[in-house]
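Just below is one structure, and these are the notes that go with it.
Where a number appears in this text, it was derived from the coordinates with a stated rule and is not lab data. Nothing here was measured: the structure is a model prediction, and the numbers come from that model. Using ideal geometry, Cβ is built from the backbone for each residue, glycine included, and neighbour counts are taken over all protein chains shown.
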């Protein structure tokens, strides 16, 4: 399969802390890849390197063959990588549909209109359609600050999806969601993103979520990849049991 | 995104307000002209504040517009009020386009202090420039309108009032259209979380720079009105107290409503005029108490009286996205 994202010998240090240590990783089109690892293992650093928030000290990272290592988050987003956040990054004073309208404005290639109302030209309908995929159409006109944490999480993911990205990075999509709701939430996320984002990378600490939804698991430890493969084999790996899941279960 | 009336219907009250000058007592005309002119600058500050940035140096553009018009008027003999307003707006708008992209990289207090610093540099340059009259400034001729000369002071005052009110009103309509536009919505998003805006593929700096240029244009047009009203210009136009007064109006108004800017500007002029009349030695005290009262009872400005109920903000969360430990990323 063709690699959508290709990282080669990525290195990133924060003082004495090695967050990425000669990291090489290919993400193929259509995969659902879960990144696992203890806190500080380098998962979020990898996401930040892949989205332009951090620049690598050395090495390269490419999206569909285009180097993105030195690009800004805006430029990377325009090339086709979107992300959601562990703690939702929303415009809390705006309504859910307005948050989506901003995301949709970012997804269009033309300049922002100084004249046309934000909800005109089918933009509201499009925004509501994205919310509806996550079962949130009824919350469309409520300001974000009134919404529960789990709902905010879904709005955050819906915004990342608005670009119809080639690669969608989800940072802990079920964190903050109750144990009873985590599978329902993840089912909803996977179902909602399926039509637009065939390739998904999600950082996850919950191994039940990982084994149920990922078709490939990459385990991080001290900025290195210690295991990479099918969920069954990675989660059964002795190093993963020792350094990752042992501390998580 | 609730359905509202189209801002263009406001042309009717704008025309009515301009014609109202015929009925107003003479002494109120110059007060209302100053209030409308100041409201134009404050409107620009409010537009910019919607991106989360406050300019403490709009005096720069106010003065640039005024001096630009004064120089053109003295060099060419141009006296037409509308042409002067347009020249002031365009001159400052171009200056804003030049400065905006550079200053948009900064935010918060750094943004505010940089604007203040630039205005004071301009003030200093004007003060030292003998070609521009130094600290004394220089005079310009009486404004005309489409070839009509107004020898009667009452008629001249009414003409300037009508042009100022019409211009400020039309600027308000343009601002109302801007506020509900896609660009206006993204401006609010920039205010709340500019990094997330970047992650969505939009340039937060470009949004700030465009708003900055619009604010500069309004300040330049206002500078032209101040010049026409006084028929004199001096470096005081760029001084920090002048900029502070515009910020004062913007704080009184809040950022949610265009109409609030006019109410705030008029309220300020009325409080200043009456307190100056009845309490000549302590009028600044009255003004300060008035501002304190507004901040205390209407922390989101006068506009929150009618525009804020639908959007009671979770302001602390909006201002500090990382407050719960979740700053991007």
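Could you work out the relative contact order of chain B, using alpha carbon pairs under 8 angstrom and six or more residues apart, expressed as a whole percent?
32
Report, in degrees rounded to the nearest 10, the 0 to 90 angle that the Cα long axis of helix B:108-128 makes with the longest principal axis of chain B. Taking Cα atoms only, the helix is inclined about 20 degrees.
Send over the Kirkwood Rh of the protein assembly as shown, from the inverse of the averaged 1/r over different Cα pairs, rounded to one decimal Å.
26.2
Consider a paramagnetic label point 7 Å from the Cα of residue B:94 along Cα→Cβ; state which residues of region B:222-251 have an amide N under 19 Å from it. Zone members listed by number: B:222-225.
Under conditions of 25 °C and 0.890 mPa s, chain A yields 132 µm² s⁻¹ as its translational diffusion coefficient, taking Rh as the Kirkwood radius over Cα pairs in the Stokes-Einstein equation.
With r defined as the distance between the Cβ atoms of residue B:16 and residue A:2 and R0 fixed at 56 Å, what FRET efficiency is calculated, to the nearest 0.05?
Once the sixth-power term is evaluated, E becomes 0.25.
Here region A:89-128 is described by how far its Cα atoms reach on the three principal axes: 25, 17, 16 Å, from widest to narrowest.
The modelled label-to-label distance for the pair residue A:184/residue B:284, using points 7 Å beyond Cα in the direction of Cβ, is 6.3 nm. Mind jotting down the distance between the C-alpha centroids of region B:11-72 and region A:162-237, whole Å? Region A:162-237 and region B:11-72 have Cα centres separated by 56 Å. The mean count of C-beta atoms from other chains within 10 Å of the C-beta of residues in A:78-89, rounded to a whole number, is 4.
Each distinct pair of alpha carbons in region A:70-158 adds a 1/r term; the inverse of their mean, the Kirkwood radius, is 13.7 Å.
Neighbouring Cβ atoms from other chains, within 10 Å of the Cβ of residues in B:202-211, number 2 on average. Shape analysis of chain B places it in the prolate category; the axes a ≥ b ≥ c from the Cα gyration tensor give an a/c of at least 1.5, with a/b above b/c.
Helix B:11-20: angle to the longest alpha-carbon principal axis of chain B, degrees 0 to 90, nearest 10? So the inclination is approximately 40 degrees. Placing R0 at 51 angstrom, the Cβ-Cβ distance between residue A:67 and residue B:24 gives a FRET efficiency of 0.15 after rounding to 0.05.
In nm, what is the difference between 0.36 nm times the number of residues separating residue A:57 and residue A:120 and their Cα-Cα distance?
Net length gain for the segment: 18.2 nm.
Each stretch of four or more DSSP H residues adds -39500 (n - 2.57); spread over every residue of the protein assembly as shown, this sum gives -17500 deg cm²/dmol at 222 nm.
DSSP beta bridges fully contained in the protein assembly as shown are about 60 percent antiparallel. If you take the square roots of the eigenvalues of the alpha-carbon gyration tensor of region B:119-256 and sort them as a ≥ b ≥ c, do you get rounded (a/c under 1.5), prolate (a/b over b/c) or oblate? Oblate shape, in that a/c is at least 1.5 and b/c is the bigger or equal ratio.
For helix B:204-230, report the angle its Cα long axis makes with the longest principal axis of the Cα atoms of chain B; keep it between 0 and 90° and round to the nearest 10°. Rounded to the nearest ten degrees, it is 20. Annotation: for a label point projected 7 angstrom from Cα along Cα→Cβ of residue A:29, residues of region A:44-74 with backbone N closer than 16 Å are A:63-66. Approximating the spin labels as points 7 Å out from Cα along Cα→Cβ, the residue B:292-to-residue B:117 distance works out to 3.3 nm. Just check region B:3-71 against the gyration tensor rule for me: Cα atoms, a ≥ b ≥ c as the square roots of the eigenvalues, rounded for a/c under 1.5, and otherwise prolate or oblate depending on whether a/b exceeds b/c. It is oblate, given that a/c is not under 1.5 and a/b is not larger than b/c. Its alpha carbons give region A:127-224 an Rg and a Dmax of 13.8, 44 Å.
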